[in-house]
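Written out below as structure tokens is the structure these notes cover.
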Amino acid sequence: MAVVLAVLSVSACSKPEPSWHRVDLPGAADLRDVADCGGQWWAVGGRTGGGPAAWTSADGDTWRSVPFAPLPASFYGPREVITDVACAGDRVAMIGAVPGGAHGNPRVSSWRLDGGRMVENAAPFETYGGDTAVDVGRLAGGPAGFAIAGNRSTGAAAWLSPADARVFTLFENAPGLAGKTVARDAVAMPDGQWAIVGGAAAGSVLDQRAAVWLTTDGKSWTRDDPPAAGGFNEIQRAVRDGDDVVAAGMRDTRFGLWRWHAGAWTAGKAFGGDSGGVRSLALADGKPVVVGGGLYLDGRKAEAPEPPVAVAARGKQLLLAAKQRLWRTDV
């Protein structure tokens with residue numbers, strides 16, 4: 001009887017691991033990101049032999065390749081790997097990069113969906129590179145267009161584009177945004193503003209507080225930080241949850257969650273942790289799914305079929321990208 005009660009107790013307190021369904025893509029893949037775009041799944045990265053690649057599917061089972069159209073005179077575009085994909089309705093944009101030049105720095109370009117193809121956008125070298133370049137980070141979509149979070153030598157920076165995702169304008173050394181700051185991700189707020197999330201120096205050299213900057217046009221910025229906490233804090237990914245925003249990042253050596261609701265930020269629970277930080281965040285059936293040194297479902301370490309690269313969700317459906325294939329499950 002004691003053994004039976006013990007087994008029942010463990011069963012009642014534990015949650016079953018998800019049952020994963022493997023999805024093989026047409027052609028060899030080097031996957032970097034996934035997204036759900038209004039009922040259409042997207043997976044992006046590069047082809048094993050080189051060059052940008054993307055696949056799309058309505059049901060998650062049958063996938064088709066999406067062609068790419070680099071600029072006619074582009075040297076790096078045909079060699080890039082797509083690192084990020086974002087969408088707003090049926091508008092889809094991507095970021096691609098490949099090492100190049102004498103120092104092997106990333107050569108970055110943006111891409112937009114146009115006529116069923118991903119078309120490379122023209123941009124001056126200094127838009128993403130140049131003497132003040134540090135990194136080009138995450139891409140987000142919203143009603144106003146698209147936003148990229150990244151960093152320049154003057155601190156946090158952002159690139160904004162109208163709805164067609166054709167031209168991205170760099171805002172660097174912007175008052176209220178630049179300084180001893182870092183930007184990691186962007187998210188469209190319910191009121192139409194863009195939020196750039198990351199961290200700002202605080203206190204001693206090792207301290208940093210989680211930071212959020214708001215803008216409508218990239219020219220003026222206001223701070224909307226979560227409550228300050230001691231130690232190292234950094235928001236690294238943010239996604240919408242209806243009229244709320246859910247964010248994840250580092251809280252000292254652990255992962256932490258934040259939520260924006262009705263105009264105010266609150267800090268959620270801490271869990272897990274990895275030196276590489278949070279690499280991907282999605283909400284599946286309202287539960288946060290975090291990729292960082294493994295897979296975490298609602299703060300609980302979960303078994304993944306392969307080391308995860310990125311996740312996306314649609315309702316209860318969870319799409320996981322490993323290095324070379326996709327996996328699906330319900331949570």
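For the range 148-160, which positions are open to solvent by 10 Å² or more (accessible area, probe 1.4 Å) and within 17 Å of CYS87 (Cβ to Cβ)?
Across the range 148-160, the qualifying residue is only LEU160.
Taking ARG209, is it among the basic types (Lys, Arg), open to solvent by 10 Å² or more (accessible area, probe 1.4 Å), at pLDDT 95 or above and under 24 Å from SER110 (Cβ atoms)? Working first, answer last.
Details: among the basic types (Lys, Arg): yes; open to solvent by 10 Å² or more (accessible area, probe 1.4 Å): yes; at pLDDT 95 or above: yes; under 24 Å from SER110 (Cβ atoms): no.
For ARG209, the condition - among the basic types (Lys, Arg), open to solvent by 10 Å² or more (accessible area, probe 1.4 Å), at pLDDT 95 or above and under 24 Å from SER110 (Cβ atoms) - is not met.
Quick one: in the range 169-187, which of the residues that are open to solvent by less than 20 Å² (accessible area, probe 1.4 Å) and of a type in the set (A, V, I, L, M, F, W, C) is nearest to GLY198 (Cα to Cα)?
Here the answer is ALA183.
Return the residues of the range 39-60 that are in contact with a Lys or Arg (Cβ under 8 Å, 6 or more places away or on another chain) and either open to solvent by 10 Å² or more (accessible area, probe 1.4 Å) or β-branched (Val, Ile, Thr) (or both); say none if nothing qualifies. Steps first, answer last, please.
Within the range 39-60, the subset in contact with a Lys or Arg (Cβ under 8 Å, 6 or more places away or on another chain) is 39, 41, 44-46, 50-51, 53, 55-57, 60.
Matches in the range 39-60: GLY39, VAL44, GLY50, THR56.
When the residues of the range 288-326 are narrowed to those that are more than 18 Å from ILE82 (Cα to Cα) and of a type in the set (Gly, Ala, Ser), which ends up surrounded by the fewest Cβ atoms within 10 Å (Cβ to Cβ)?
So the residue we want is GLY315.
Okay, residues lined up against (1) without any contact (Cβ under 8 Å) to a residue 40 or more places away in the chain; (2) open to solvent by less than 40 Å² (accessible area, probe 1.4 Å); (3) more than 14 Å from the chain's Cα centre (by Cα):
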{"residue": "ASP244", "(1), (2), (3)": "yes, yes, yes"}
{"residue": "ALA247", "(1), (2), (3)": "no, yes, no"}
{"residue": "TRP258", "(1), (2), (3)": "no, yes, yes"}
{"residue": "ALA267", "(1), (2), (3)": "no, no, yes"}
{"residue": "LEU283", "(1), (2), (3)": "no, yes, no"}
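Output the residues belonging to the range 49-70 that are under 20 Å from TRP327 (Cβ atoms) and not in a loop (DSSP other than H, G, I, E, B).
At the first step, the residues of the range 49-70 found to be under 20 Å from TRP327 (Cβ atoms) are 53-65.
Hits for the range 49-70 are ALA53, ALA54, TRP55, THR56, SER57, ARG64, SER65.
Name the residue, out of GLY198, GLY145, that is of a type outside the set (A, V, I, L, M), open to solvent by less than 10 Å² (accessible area, probe 1.4 Å) and in contact with a Leu (Cβ under 8 Å, 6 or more places away or on another chain).
Numbers: GLY198 fails: in contact with a Leu (Cβ under 8 Å, 6 or more places away or on another chain).
The unique qualifying residue is GLY145.
Taking the stated definitions as given, is ASP36 closer than 30 Å to ASP285 by Cβ, open to solvent by 20 Å² or more (accessible area, probe 1.4 Å) and either among the polar types (S, T, N, Q) or modelled with pLDDT under 95 (or both)? Don't jump to the end; show me each part of the working.
Working: closer than 30 Å to ASP285 by Cβ: yes; open to solvent by 20 Å² or more (accessible area, probe 1.4 Å): yes; either among the polar types (S, T, N, Q) or modelled with pLDDT under 95 (or both): no.
Considered against the rule, which asks whether it is closer than 30 Å to ASP285 by Cβ, open to solvent by 20 Å² or more (accessible area, probe 1.4 Å) and either among the polar types (S, T, N, Q) or modelled with pLDDT under 95 (or both), ASP36 comes out as no.
Keeping to the range 292-331, report how many residues are basic (Lys, Arg) and under 15 Å from ALA248 (Cβ atoms).
Taking the range 292-331 first, the residues basic (Lys, Arg) are 300-301, 314, 316, 323, 325, 328.
The next check asks that each one be under 15 Å from ALA248 (Cβ atoms); those that pass are 300-301.
Number satisfying all stated conditions: 2.
State all residues of the range 210-222 that are over 21 Å from the mean Cα position of the chain (by Cα) and of a type outside the set (Gly, Ala, Ser); if no residue qualifies, say none. I'd like the intermediate steps shown before the answer.
Going through the range 210-222, the residues over 21 Å from the mean Cα position of the chain (by Cα) turn out to be 217, 219-222.
Answer for the range 210-222, where residues must be over 21 Å from the mean Cα position of the chain (by Cα) and of a type outside the set (Gly, Ala, Ser): ASP217, LYS219, TRP221, THR222.
For a quick check of your reading: which strands (runs of 3 or more DSSP E) sit entirely within the range 144-200 and have at least 3 residues that are over 17 Å from ARG112 (Cβ atoms) and in contact with an Asp or Glu (Cβ under 7 Å, 6 or more places away or on another chain)? Give the derivation first.
Working: elements: 145-152, 155-161, 169-171, 181-188.
Those strands (runs of 3 or more DSSP E) span 145-152.
Across the range 212-228, what is the number of residues that are small (Gly, Ala, Ser) and either touching an Asp or Glu at 6+ places or on another chain (Cβ under 9 Å) or open to solvent by 50 Å² or more (accessible area, probe 1.4 Å) (or both)? Give the derivation first.
Step one: list which residues in the range 212-228 are small (Gly, Ala, Ser), which gives 218, 220, 228.
Filter once more, so that each one left must be either touching an Asp or Glu at 6+ places or on another chain (Cβ under 9 Å) or open to solvent by 50 Å² or more (accessible area, probe 1.4 Å) (or both): 220, 228.
Counting residues in the range 212-228 that are small (Gly, Ala, Ser) and either touching an Asp or Glu at 6+ places or on another chain (Cβ under 9 Å) or open to solvent by 50 Å² or more (accessible area, probe 1.4 Å) (or both) gives 2.
The values are calculated or read from the model by the stated rules, or taken from the named source; none is laboratory data. On a predicted model such as this, the values are computed, not experimentally measured, just so you know. Here Cβ is always computed from backbone atoms with ideal geometry, including for glycine, and neighbour counts include all displayed protein chains. Accessible surface is based on the protein model in full, side chains and every heavy atom, while ligands, DNA and RNA are left aside. Shrake-Rupley method; radii C 1.70, N 1.55, O 1.52, S 1.80 Å.
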